[in-house]
Amino acid sequence: MTSFHRRVTPTERRARLGRRHLLAGSARVRTPEEVAGALIGLHATDPATVFLSAAARMAEPEVAAVERALYEERTLARIRCMRRTMFVLPAALAPETQAAVGRYAYMDRGKALDRLREAAGWDELRYTAAEQDALALLAERDEATAAEFADAVPALREQIVTFPGKSYESRQRVASTVLGVLAAEGRIRRARPAGNWTSAQFRWALAEPLPELPASESKTALARRYISAFGPVTEADLKWWTGWTLAATRKAIAASGAQAVSLDEGTGYLLPEDLEPVSYPEPWLALLPSLDATPMGWRQRDWYLDADHTPALFDRNGNIGPTIWADGRIIGAWAQRPDGSINHRLFTDPGRETRNALDGETARMTAFLRGARVTPCYRTPLERELSA
């Protein structure tokens, strides 16, 4: 029988969220590096999410500050890691995180060669030649887009059919596979996008592979970071967030030294230094973007989300759209209209003070956007409706 240190209520979990995730006004920080560190990483499948997630948590958000950290100082690293998903995280955490979730979280070279052998008749010699030509191009030009690779290296211009026979079957250039593996190996990196900060068309540049660290110790360290930032959490939460097996999840929790606490969902875990109850911060409200790290941080979400609202807020693959949060709960959704203005819908009337706070936060986000138009890469039913 599990021995619980104490019970943690949903109210206390929401109080922790406001402070740990930098969403309460008094918890906001100055730099994007602090934001990424507090959340262990910002979801980066949609490039705009990185900027909007940082903006929601910075006292004085600026696009230039995020760009500087990503592309000039490179204190933030963009890598594929948890659940084979793209994240932006502090560069110092990249080696540990990669070791914890698997070096080839995207696709290793062998699997890529198998794909191209089956789809296009490639052999190892052809793959190696294309790979070397791609690296030579970067050595010559410093940076290049995928389209520029395809123009300069004929082999990368070839097209293959991916997922043949599936509803999501598509055609893509071989460049996507070859460059994806080089990135997973740490030999190239994503540099500035070809367009503005909302663009998903990145330039590529040469990179130094991340140092290899022991997997077991790295998993323990990552589990501790996650439990500290998102705790209390369940086994199911950590397993889902990392993409680990249940056995690996349990081993990491045990090695982390986390203590069991009682939750509505069952057994949760907190670090020993984090067991004392916390006080509620001042009332707060936040506009969080599609795929933000906070709503995507737990597998079990009843303590901050009414299950009746899930179909409107998530797409069929479990990706969340833009949300409005107040005091640790999702109370509505927002989106940009075609003219760039922000539209929203509240699920219930939160009261005058919260509505006033929403007006203020909408104005703050509008000022950050400065006319930029963001369309999430994964559209959800309510986001589509509000943006129409």
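The values are calculated or read from the model by the stated rules, or taken from the named source; none is laboratory data. Just so it is clear, the structure is predicted and the values come from calculations on it, not from any experiment. Note that each Cβ is placed from the backbone with ideal geometry, even for glycine, and that neighbours are counted across all protein chains shown. To get the accessible areas, we keep the full protein, side chains included, count just its heavy atoms, and leave off ligands, DNA and RNA. Shrake-Rupley method; radii C 1.70, N 1.55, O 1.52, S 1.80 Å.
Being in a loop (DSSP other than H, G, I, E, B) and either under 29 Å from G266 (Cβ atoms) or out of contact with any Ser or Thr (no Cβ under 8 Å at 6 or more places or on another chain) (or both) is a description that applies to G318. May I ask you to list the residues in the stretch 336-368 that are β-branched (V, I, T) and either open to solvent by 40 Å² or more (accessible area, probe 1.4 Å) or touching a helix residue (DSSP H, G or I) at 6+ places or on another chain (Cβ under 9 Å) (or both)? I342, T348, T366 - these are the residues of the stretch 336-368 that are β-branched (V, I, T) and either open to solvent by 40 Å² or more (accessible area, probe 1.4 Å) or touching a helix residue (DSSP H, G or I) at 6+ places or on another chain (Cβ under 9 Å) (or both). Among the candidates D308, D302, D264, D327, the residue that is open to solvent by 30 Å² or more (accessible area, probe 1.4 Å) and at positive phi is uniquely D327. Out of the residues in the stretch 193-223 meeting the condition of being hydrophobic (A, V, I, L, M, F, W, C) and closer than 20 Å to F149 by Cβ, tell me which one is least open to solvent (accessible area, probe 1.4 Å). Per the stated criteria, the residue is A205. Where strands (runs of 3 or more DSSP E) fall wholly inside the stretch 100-207, the ranges with 3 or more residues that are in contact with a helix residue (DSSP H, G or I) (Cβ under 9 Å, 6 or more places away or on another chain) are 159-162, 188-193, 202-206.
How do the pairs read when you match residues in the stretch 77-106 that are open to solvent by 10 Å² or more (accessible area, probe 1.4 Å) with residues anywhere that are of a type in the set (G, A, S) and modelled with pLDDT under 90, using Cβ under 6 Å and keeping only pairs 6 or more apart or on different chains? Matching pairs, first to second residue: R80/A105; R84/A105; Y104/A184; Y106/G180; Y106/A184. Would you call A129 without any contact (Cβ under 8 Å) to a residue 40 or more places away in the chain and within 21 Å of A223 (Cα to Cα)? The answer is no for A129.
From T242, T310, grab the single residue that is within 27 Å of A56 (Cα to Cα), hydroxyl-bearing (S, T, Y) and free of Cβ contacts under 8 Å to residues at least 40 places away in the same chain.
Values: T242 fails: free of Cβ contacts under 8 Å to residues at least 40 places away in the same chain.
Answer to the check: T310.
Of the set (1) within 21 Å of A55 (Cα to Cα); (2) part of a loop (DSSP other than H, G, I, E, B); (3) of a type in the set (D, E), all apply to D359 but (2). Checking the condition among the aliphatic types (A, V, I, L, M) and assigned to a helix (DSSP H, G or I), which residue from A333, A286, A312 passes? Criteria check complete, one pass: A312.
Selection of the stretch 374-388 for residues being touching a residue at least 60 places away in the same chain (Cβ under 8 Å) and either open to solvent by less than 50 Å² (accessible area, probe 1.4 Å) or assigned to a helix (DSSP H, G or I) (or both) yields V374, P376, T380, P381, L382, E383. Screening G318 on (1) out of contact with any helix residue (DSSP H, G or I) (no Cβ under 8 Å at 6 or more places or on another chain); (2) crowded, with 21+ Cβ neighbours inside 10 Å; (3) among the small types (G, A, S) shows it passes everything except condition (2).
When the residues of the stretch 144-169 are filtered to those that are under 26 Å from the mean Cα position of the chain (by Cα) and aromatic (F, W, Y), the one that is least open to solvent (accessible area, probe 1.4 Å) is F163. Testing G371 on (1) in contact (Cβ under 8 Å) with a residue 12 or more places away in the chain; (2) open to solvent by 20 Å² or more (accessible area, probe 1.4 Å); (3) on the phi < 0 side of the Ramachandran plot; (4) not in a helix (DSSP H, G or I), one condition comes back false. Which one is that? Condition (3) is where G371 drops out.
Per-residue answers, yes or no, for (1) under 19 Å from G297 (Cα atoms); (2) open to solvent by less than 50 Å² (accessible area, probe 1.4 Å); (3) in contact with a Pro (Cβ under 9 Å, 6 or more places away or on another chain); (4) not acidic (D, E):
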position: E12; (1), (2), (3), (4): yes, yes, yes, no
position: L17; (1), (2), (3), (4): yes, yes, no, yes
position: H21; (1), (2), (3), (4): yes, yes, no, yes
position: T49; (1), (2), (3), (4): yes, yes, yes, yes
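Give me a count of the residues in the stretch 19-72 that are within 14 Å of D292 (Cβ to Cβ) and free of Cβ contacts under 8 Å to residues at least 24 places away in the same chain. Selection size over the stretch 19-72: 2. Exactly one residue out of W298, W325, W284, W334 is aromatic (F, W, Y), in contact (Cβ under 8 Å) with a residue 12 or more places away in the chain and touching a His at 6+ places or on another chain (Cβ under 6 Å): that is W334. Filtering the stretch 23-34 to residues that are over 14 Å from A91 (Cβ atoms) and open to solvent by less than 10 Å² (accessible area, probe 1.4 Å) leaves L23, A24. I'd like the full set of residues that are of a type in the set (D, E, K, R) and more than 26 Å from D108 (Cβ to Cβ), limited to the stretch 48-90. R57, E60, E62, E67, R68, E72, E73 - these are the residues of the stretch 48-90 that are of a type in the set (D, E, K, R) and more than 26 Å from D108 (Cβ to Cβ). If only residues of the stretch 230-261 that are touching a Gly at 6+ places or on another chain (Cβ under 8 Å) and farther than 24 Å from V101 by Cβ are counted, the one that is surrounded by the most Cβ atoms within 10 Å (Cβ to Cβ) is V261.
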